[in-house]
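Here, each number is a calculation from the coordinates, and none is a lab measurement. These numbers come from a predicted model, not from an experiment. Neighbour counts are summed over all protein chains in view; Cβ atoms, including those assigned to glycine, are modelled from backbone coordinates with ideal geometry.
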Amino acid sequence: MTARASHPASVRVAVKTAVERTELKSFPWPGIGPGEGVLRVEACGVGGAEPEVYRGEKWVPISMGHQVVGTIEAMDPLARTLWKVEIGERVALQEYLPCKACSWCLRGEYRFCPEADFMGAGKPRRFGLMDFTEPPHLVGGFAEYMHLPWNTVIHKIPQDLPPALATLAIPIGNGVQWATLDVNAGPGKTVLIIGPGQQGLGAVMAAKEAGADKVILAGHTRDQVRLDLSLKLGADHAIDTLKQDLVDAVRTIADGVDVVVDTTGDPGAENLKRYLELANQGAWLWVNCIDSGVPVRDIKKKYLTVRSGRGRTHQAVERALQIIRSRKYPLELMCTHTFGLEDVDLAIRATAGKGVEGAVHVIVDPWKR
Ligand SMILES: [Zn+2]
């Protein structure tokens, strides 16, 4: 095993012990088996879906936090071969702990690996959703250190990239995946993005970077800070759909749209109808959930392509890191709040718009006192 000179005897972690409650606990320095390592966590972003996990009765007891950025602190020699990193190198993690042998994994689609997928049959093997009560305990990002299993999915990041910005690799990666790789937001297209959260803002940047002609972001009045911010992150227009009807507002900008990306939990039947009305012939739609019924007749009439999904590919995160590293966008304006481990509950609530005003991307810094 290779490691930095010394390590602490115990590690502080904020873990979820009950519905809507996290507690600060200490666990011993983890053992490192073949192909394993330890990460010193520099920062962990709070994901847009994290408040839902925090509320969920199904997710107890777990160690939350999956937008992790840190430094390789210790490593078994086999891990160096598997990950191609050195002690002291900085990395951003993906949450998936995939089998790396199934047909999804062999295509780099770790998000759909039955072992890592939250829509799979068993308990998903992924950082931020696993039980902390058994060794190695350190399975979530709201911690000083994390244990890295052999199948950790790693992205190298430069030494000078601020950790807060690097935690955006996952939400911007989702934007890249959903808007560009999934539904072809690209040159000449008019793109409508619904929901100005981290992922919606990520989709705005991704669409603009892919060459979209017009990028329109829609949200509610409570999202005003985010809607204003989107104009600095590549959106050409930001619409408050509580003040203006979506269809009327979009029609003042363009005749129709070529791509719709709905990053909200569920558009609902009425909104889905609006998207179909706005869709140009041959448009592509990305929706999170269409339990409200699939209007196949309308899809057929305009020859639309409708897709859904979850998470993102390795390629999408690499592209997101390129966008972050380019420093082309004022991403520091997205990183509105930083909390220590004592305040993880507040960090999660802030992400849900509670307790703190104007939060966009919230970061937990485990070393903040
Ligand atoms: Zn697999």
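Points worth noting:
- Along region 140-157 the Karplus relation, 6.51 cos²θ - 1.76 cosθ + 1.60 evaluated at θ = phi - 60°, assigns HN-Hα couplings of x, x, 7, 7, 6, 9, 10, 7, 10, x, 4, 9, 4, 9, 10, 10, 6, 10 Hz to successive residues, with x for each Gly and Pro.
- Relative contact order (%) - criterion: Cα under 8 Å, at least six apart; region: region 158-220: 37 percent
- For Val362, the residues 5 or more places off, or on other chains, whose built amide H falls under 5 Å of its own are Val46.
- Too-long pairs where the Cα-Cα distance tops 30 Å, listed order kept, from Lys100/Lys354; Lys25/Lys123; Lys328/Lys368; Lys189/Lys243; Lys189/Lys301: Lys100/Lys354
- Distance between modelled label sites at Ala18 and Thr2, nm, 7 Å Cα→Cβ extension: 4.6 nm
- Simple rule: put +1 on each Lys or Arg Cβ and -1 on each Asp or Glu Cβ in the chain, find the dipole, and look at Gly268, Pro330, Gly256; the Cα lying farthest toward the positive end is Gly256.
- Label sites at Glu270 and His220, each approximated as a point 7 angstrom past Cα along Cα to Cβ, lie 1.2 nm apart.
- Rounded to the nearest 20 debye, dipole of region 171-307 from Cβ charges on Lys, Arg, Asp, Glu: 200 debye
- Beta-bridge orientation, the chain: approximately 60 percent antiparallel, per DSSP, counting only bridges with both partners inside.
- Global geometry of region 171-307, whether rounded, prolate or oblate, following the gyration tensor of its Cα atoms and the 1.5 cut on a/c: rounded
- Nitroxide proxy distance, nm - points 7 Å out along Cα→Cβ at Arg251 and Cys99: 5.2 nm
- Using θ = phi - 60° and Karplus 6.51 cos²θ - 1.76 cosθ + 1.60, couplings along region 350-359 (whole Hz; Gly, Pro as x): 4, 4, 8, x, 10, x, 9, 7, x, 6
- Computed over region 248-319, relative contact order equals 30 percent, with contacts defined as Cα pairs under 8 Å that lie 6+ residues apart.
- Put in order of Cβ neighbour count within 10 Å, fewest first, the listed residues Tyr54, Tyr303, Tyr96 become Tyr303, Tyr54, Tyr96.
- Between helix 268-278 and the chain: long-axis angle, C-alpha atoms, 0 to 90°, nearest 10: 60 degrees
- Taking packing as the residue-averaged number of other Cβ atoms within 10 angstrom, the listed peptides 68-78, 345-355, 101-111 run from highest to lowest as 68-78, 345-355, 101-111.
- Value of relative contact order over the chain, rounded to a whole percent, pairs C-alpha under 8 Å and six or more apart: 17 percent
- Relative compactness, the chain, computed as alpha-carbon Rg over 2.2 N^0.38 Å: 0.99
- Derived scalar couplings ³J(HN,Hα) [region 49-54; Karplus, 6.51 cos²θ - 1.76 cosθ + 1.60; whole Hz; x for Gly, Pro]: 8, 4, x, 5, 5, 4
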